[in-house]
Amino acid sequence: AAMAQSKPHDYEAVYWLNHFLPTDGVIVEAVGGSYSEYGRISAHTGLSTVLGWPGHELQWRGGFEMAAGREEAVNMLYSTRAWDEAAAILEQYDIRYVYVGSLERQQFPAEGLTKFEDYMYPIFRNGGVTIYERVD
């Protein structure tokens, strides 16, 4: 209910993901601090993600070895203009879906986000969110 009020576009996307998308496949979203809005999509859908809250990985896994390099990879995926770099990250982490919402637009340059429109298939779009699917 709180998300429906504060982030209605994210709420609509989460609703759609929960009702119309199978729970297989990895979704990527912007990475941010613990107890923040980051990780909102994977948390509300149960979809696997590359990395949610980095601090929780350290806390619950007793180290950062498993998550090492993931935050940088997510940042590069959203930031780079080069599709070959982005495609390599999508492949490395078996990412099927890319989420572009308000947090991603705030954190990453528009020039980096436009490549998804050029190389991936938009499966959901509303006034503030686009979800892209990787089609091999």
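Report the net charge of residues surrounding Asp136, where surrounding means a beta-carbon distance below 13 angstrom and charges are Lys +1, Arg +1, Asp -1, Glu -1. It would help to have the intermediate numbers written out before the result.
Values: positive: Arg96, Arg134; negative: Glu91, Asp94, Glu133.
Computed value for this residue: -1.
Work through the residues other than Leu47 whose Cβ is under 13 Å from its Cβ and net out their charges, Lys, Arg +1 and Asp, Glu -1. The partial results should precede the final answer.
Values: positive: Arg40, Arg96; negative: Asp24, Glu29, Asp94, Glu133.
Charge balance near Leu47 sits at -2.
Computed from the coordinates by the stated procedures, all read-outs in this text should not be read as laboratory data. Just so it is clear, the structure is predicted and the values come from calculations on it, not from any experiment. Here Cβ is always computed from backbone atoms with ideal geometry, including for glycine, and neighbour counts include all displayed protein chains.
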